[in-house]
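Below: one structure, written as structure tokens.
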Amino acid sequence: MFNLIKRHECTKNHFLASVQQIVDEFPKNAICKRIDEKTLTRRHYSALLHTIFHQTYNNPSTFGLAAAQLQSDREELRSYFLHHAEEEKNHWNWIIDDLRNLDDANPDPRDFYPQKSCQAYIAYNYYIATRKPVGRLAIALVLESFGGTYGREYGLRLCDVLDLQQNQCTFFFGHSETDVGHVEDILHILDQSRIGDEEWSELTHIARCAGKMYLDLYESAGSMVY
């Protein structure tokens, strides 16, 4: 039986519990398992950075698009989306820096189209930004919670397993610093926003979909056999 969500079924508490469940499941992806088992190679790490690059590059644009689609009475959300887009617009440089500091032999990810799991995730973000712009906040809460909860932990473990320096894991360490504050900001916005029962159900559904799709990026990179 599919884990479907019925309209008007969820409350804010249901939404937050679903996000927490998604966050708790993050370490089950193939990359984290390889880190835990110390079977991760530099080629897996390179594959992950190349896989998630386009997601990081496109995310700020979807915040801006969501801001443009909001109704005029959602000023608090519009302001937050534009602020978040401005703050994260250059975070893709962290991945380029990590690849450069790794002396990675693969071509620049900017010269290639996204890997299919990343393309699907990007497309979903654009879809939500245009059709259900408030839902872009749900996706943000999931990703910021991933980074705030696990960024530093897995950054340190990456350094240990692969004998890396922190300047070769700036994507993980950078988000571990910024994302804790972002989670607090998003929770505050949710408290201030006028969100009805059907919207909470939509946000719950969107968070679950986005969380699973994002984990697919880590799963595809970690499942590669070398």
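Computed from the coordinates by the stated procedures, all read-outs in this text should not be read as laboratory data. Note that the coordinates shown come from a computational prediction; the quantities given were computed from them, not determined experimentally. Because the Cβ atoms are built from the backbone with ideal geometry, glycine has one as well, and the counts that use them run over all protein chains shown.
Quick rundown of the values:
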| quantity | calculated |
| --- | --- |
| Within straight-line cross-link reach of K28, lysines at Cα separation under 16 Å, skipping those fewer than 8 residues along the same chain | K38, K212 |
| Cα long-axis angle, helix 75-88 against the chain (0 to 90 degrees, to the nearest 10) | 10 |
| Largest-first principal axis extents of the Cα set of region 10-97 (Å) | 51, 34, 15 |
| Most mobile of S46, S117, S193 in a GNM of the chain (Cα contacts under 10 Å) | S193 |
| Residue-wise HN-Hα coupling along region 33-50, computed from phi with Karplus coefficients 6.51, -1.76, 1.60 (Hz; x: Gly, Pro) | 4, 5, 5, 4, 8, 6, 10, 6, 10, 5, 5, 5, 5, 4, 4, 5, 4, 5 |
| Structure-derived Rg and Dmax of the Cα atoms in Å - corresponding label in [x] 19.2, 62; [y] 21.0, 83; [z] 17.4, 53 | [z] |
| Relative compactness, region 119-221, computed as alpha-carbon Rg over 2.2 N^0.38 Å | 1.20 |
| Length-normalised contact order for the chain - Cα pairs under 8 Å, 6+ apart - percent | 39 |
| Simple spin-label estimate for N13 and Y126 in nanometres, 7 Å along Cα-Cβ | 4.0 |
| Folded to 0 to 90 degrees: helix 116-131 orientation relative to the chain principal axis, Cα | 20 |
| Principal-axis tilt of helix 170-192 within the chain, Cα atoms, nearest 10 degrees | 10 |
| Alpha-carbon gyration tensor eigenvalues x 5, square-rooted, for region 48-87, Å | 25, 9, 6 |
| Cα gyration tensor shape for region 171-226, rounded if a/c is under 1.5, else prolate or oblate | oblate |
| In order through region 93-105: 3J(HN,Hα) via Karplus (6.51 cos²θ - 1.76 cosθ + 1.60), integer Hz, x for Gly, Pro | 5, 4, 5, 4, 5, 4, 4, 5, 6, 7, 6, 5, 8 |
